[in-house]
Amino acid sequence: MAVSLENPLAYCREKVCGETSSLHYATLFQVDEFKAYWLGCFTLNHELRQACLKQLEAGLTQVKLGWWRNALAGAATNTNPHPVVSAISKPVIAKVPGEHWAELINKVASACEPKRYNSMADWHKDVRSEMEPWVKLIQVRFSDQDTDCNGLLTFWCEATRLCQVLRLAKYLDQGFQPMPVEVLSQHGVTAEQIKRREHDDATTALFTQVTDELVSQANNAWNKVPLDQRLFARPLRALFRMRVAELEQHRTSGYKLLTEQKIITPFKKFSTAWTTQVLRW
């Protein structure tokens, strides 16, 4: 018997998918089943992050995270599942080993902690580790946990790192600065300069090198993703292409990433989603 996705979709839209958001447009052309899956994953990540970031006491955080772990691990026998469980798909979640949810929750919690990286390789390794549990959910969705998703994992990792760079102006207020020490040193940029949000030719060269590298690596990885996975993961591709469009705006305005966040127009988001979904760019 088909499960109605109306309520799960409404719940997820309220949490993570406003009418002008990038995620709204990235999933706009998806059928409800796939739209619900992706919005469910993003909403689950949002709920877990909120539990980590907004609880004032560590004990309350653990209670909330424990509730989610039990809700996910017990999805198979729950006759009244949480809307996020229904969105992702109760049968899919039921196939996931219980210990996987503890790993996913721990990785989300880890991603909420401000970090410092010594090298680009360290940064890549950390973000990749945080993305691995999510890619395992995609493997389960394809009914084969041995499905090779290495290319998709690499793409998602590099796309996430690009997003972190583009959100520097926001992250600095939260004590997070992902630029590796090694790369700062190469360009003669100090951590104090980043904290003071000072732009000069050195920071322009820094951001140019890092973003060019991330975009290139993401595109190379995407080209190695099998066709069936590329079709399924088009929302991720659309989000990445929207971030690249933001980056283009930074290129023309001098890479003021320490003080500015660029926002592309709803029409640009719509056209990017359409070309990704229909033309498979």
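For the stretch 143-179, the tally of residues that are part of a loop (DSSP other than H, G, I, E, B) and either within 19 Å of Leu39 (Cβ to Cβ) or within 11 Å of the chain's Cα centre (by Cα) (or both) stands at 0.
Kindly establish whether Ala51 is farther than 30 Å from Leu231 by Cα, free of Cβ contacts under 8 Å to residues at least 60 places away in the same chain and buried (at least 17 other Cβ atoms within 10 Å of the Cβ). Yes: the conditions hold for Ala51.
Test of understanding: among Leu172, Leu166, which residue is in contact with an Asp or Glu (Cβ under 7 Å, 6 or more places away or on another chain), among the aliphatic types (A, V, I, L, M) and within 26 Å of Gly254 (Cα to Cα)? Spell out how you get there, then give the answer.
Working: Leu172 fails: in contact with an Asp or Glu (Cβ under 7 Å, 6 or more places away or on another chain).
So the residue among Leu172, Leu166 that is in contact with an Asp or Glu (Cβ under 7 Å, 6 or more places away or on another chain), among the aliphatic types (A, V, I, L, M) and within 26 Å of Gly254 (Cα to Cα) is Leu166.
The residues of the stretch 1-23 that are closer than 13 Å to Pro235 by Cβ and in contact (Cβ under 8 Å) with a residue 40 or more places away in the chain, listed by number, are Cys12, Ser22, Leu23. Annotation: Val96 fulfils all but one of (1) surrounded by 18 or more Cβ atoms within 10 Å (Cβ to Cβ); (2) in a helix (DSSP H, G or I); the unmet one is (2). For the stretch 24-48, a residue qualifies if it is in a loop (DSSP other than H, G, I, E, B) and either open to solvent by less than 20 Å² (accessible area, probe 1.4 Å) or touching a residue at least 40 places away in the same chain (Cβ under 8 Å) (or both), and the qualifying residues are Thr27, Leu28, Phe29, Gln30. For beta carbons closer than 6 Å, sequence separation of 6+ or different chains, a first residue in the stretch 187-209 that is touching a residue at least 12 places away in the same chain (Cβ under 8 Å) and a second that is open to solvent by less than 50 Å² (accessible area, probe 1.4 Å) and in a helix (DSSP H, G or I), the qualifying pairs are His187/Ala202; His187/Ala205; His187/Leu206; Gly188/Ala202; Val189/Ala202; Val189/Thr203; Val189/Leu206. In the set (1) surrounded by 18 or more Cβ atoms within 10 Å (Cβ to Cβ); (2) in a loop (DSSP other than H, G, I, E, B), the condition left unmet by Ser4 is number (1). Figure legend. Inter-residue proximity from the stretch 165-186: first residues closer than 17 Å to Asn118 by Cβ, second residues assigned to a helix (DSSP H, G or I) and charged (D, E, K, R), beta-carbon distance below 8 Å, spacing 6+ or different chains. Indicated pairs: Gln177/Lys195; Pro178/Arg161; Pro180/Asp122. If you go through the stretch 254-281 and pick out every residue that is free of Cβ contacts under 8 Å to residues at least 12 places away in the same chain and open to solvent by 70 Å² or more (accessible area, probe 1.4 Å), you end up with 3. Of all the residues in the stretch 235-253, those that are surrounded by 15 or more Cβ atoms within 10 Å (Cβ to Cβ) and assigned to a loop (DSSP other than H, G, I, E, B) number 0. With respect to the conditions (1) at pLDDT 95 or above; (2) more than 25 Å from Leu236 (Cβ to Cβ); (3) of a type outside the set (Gly, Ala, Ser); (4) open to solvent by 20 Å² or more (accessible area, probe 1.4 Å), Leu184 lacks only one, and its number is (4). When you go through (1) open to solvent by 70 Å² or more (accessible area, probe 1.4 Å); (2) part of a helix (DSSP H, G or I); (3) within 28 Å of Val278 (Cβ to Cβ) one by one for Trp67, which number turns out not to apply? It is condition (3) that Trp67 fails. Looking at the structure I just gave you, is Leu60 over 25 Å from Gln177 (Cβ atoms), open to solvent by 30 Å² or more (accessible area, probe 1.4 Å) and touching a residue at least 60 places away in the same chain (Cβ under 8 Å)? Spelling it out, it is not the case that Leu60 is over 25 Å from Gln177 (Cβ atoms), open to solvent by 30 Å² or more (accessible area, probe 1.4 Å) and touching a residue at least 60 places away in the same chain (Cβ under 8 Å).
The values are calculated or read from the model by the stated rules, or taken from the named source; none is laboratory data. What you are looking at is a predicted structure, and each value in this text was computed from that prediction instead of being measured. Methodologically, a virtual Cβ is constructed for each residue, glycine included, from the backbone with ideal geometry; neighbour enumeration extends over all protein chains shown. Calculation scope for accessible area: heavy atoms of the full protein, side chains included, ligands and nucleic acids excluded. Shrake-Rupley method; radii C 1.70, N 1.55, O 1.52, S 1.80 Å.
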